[in-house]
Amino acid sequence: MFGIGFLNERRARRAVSAASAAIADAFAGQPAHERAAIMAISNAILAAVASEHGDLVLTRPAALKRATASTILGELSTSLSKLSAVLDALSDRDHGDPVLDGVHRQMRATELVVATLGISLDPKARSPVLEAWRALYRARRHAGEAVAALTAFREETGTSPVPEGVPSTRGDLLALATTPPPFLIPKARSA
């Protein structure tokens, strides 16, 4: 009666709804260096997804085909579930712990990417997504502190703070923490 595609899209829509709700006010009270770190991770996740699913992820996520978006969102939803389990396991740690803070950053960044790519399934998600990216971009002057926090996570865990395959030198992390994704950069008008 219902195909796999329908079930995938339904699961993806639930993930987008939850992620959009999570990011709605998530960045308002966060320190600027944390917002810059989250922007770096969000940009890195987008780059990793684009390397597997095409540049439309970076340039026009709202134009993704429903099936493609549903597949990607299903994968990211699985990542969110794993991050949630890790957070539960770290519940005895205090804020300021580089590992706990790093997992929180990854969770927020993944939620933002889910909501961003989810615009293709639910255009109403656009407003909170754009506001979230603006909040992160406004923190770009704190990228140096963000890179220090991301590096502390790497040193503590031996794990890159960004997805595998995404360059993560200090310079790469600085660029990720200060540059908006391509779909937010205004296009130059031709004369």
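The values are calculated or read from the model by the stated rules, or taken from the named source; none is laboratory data. Please read all numbers here as calculations on a predicted model, not as lab measurements. Using ideal geometry, Cβ is built from the backbone for each residue, glycine included, and neighbour counts are taken over all protein chains shown. In case anyone asks, the SASA skips ligands and DNA or RNA and just uses the protein heavy atoms, side chains included. Shrake-Rupley method; radii C 1.70, N 1.55, O 1.52, S 1.80 Å.
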| Among the residues of segment 90-110, is there at least one that is buried (at least 21 other Cβ atoms within 10 Å of the Cβ), touching a Ser or Thr at 6+ places or on another chain (Cβ under 9 Å) and among the small types (Gly, Ala, Ser)? | yes
| field | Count of segment 74-98 residues which are β-branched (Val, Ile, Thr) and outside any helix (DSSP H, G or I) | value | 0
| note | Residue hits (segment 135-173; in contact (Cβ under 8 Å) with a residue 60 or more places away in the chain and among the acidic types (Asp, Glu)) are GLU145, GLU164
| task | Have a look at ALA132, ALA85 and point out the one that is under 17 Å from MET39 (Cα atoms) and of a type in the set (A, V, I, L, M). | result | ALA132
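Return the residue satisfying two criteria in turn: it lies in segment 35-60 and is touching a residue at least 60 places away in the same chain (Cβ under 8 Å) and more than 13 Å from the chain's Cα centre (by Cα), and of such residues it is least open to solvent (accessible area, probe 1.4 Å).
So the first thing to find is which residues in segment 35-60 are touching a residue at least 60 places away in the same chain (Cβ under 8 Å), and the list is 35-49, 51, 57-60.
From what is left, the residues that are more than 13 Å from the chain's Cα centre (by Cα) are 51, 59-60.
Details: SER51: 101, THR59: 60, ARG60: 144 Å².
Checked segment 35-60; the qualifying residue least open to solvent (accessible area, probe 1.4 Å) is THR59.
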| field | Qualifying residue in segment 64-77 (condition: in contact (Cβ under 8 Å) with a residue 60 or more places away in the chain, open to solvent by 10 Å² or more (accessible area, probe 1.4 Å) and closer than 23 Å to THR178 by Cα) | value | no
| Filter segment 171-187 for residues that are open to solvent by 50 Å² or more (accessible area, probe 1.4 Å) and part of a loop (DSSP other than H, G, I, E, B); which is farthest from GLU34 (Cα to Cα)? | LYS187
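Working only within segment 131-153, note down all residues that are closer than 26 Å to ALA115 by Cβ, assigned to a helix (DSSP H, G or I) and either of a type outside the set (A, V, I, L, M, F, W, C) or open to solvent by 40 Å² or more (accessible area, probe 1.4 Å) (or both).
Taking segment 131-153 first, the residues closer than 26 Å to ALA115 by Cβ are 131-143, 145-147, 149-150, 153.
Checking which are assigned to a helix (DSSP H, G or I) leaves us with 131-137, 140-143, 145-147, 149-150, 153.
GLU131, ARG134, TYR137, ARG140, ARG141, HIS142, GLU145 - these are the residues of segment 131-153 that are closer than 26 Å to ALA115 by Cβ, assigned to a helix (DSSP H, G or I) and either of a type outside the set (A, V, I, L, M, F, W, C) or open to solvent by 40 Å² or more (accessible area, probe 1.4 Å) (or both).
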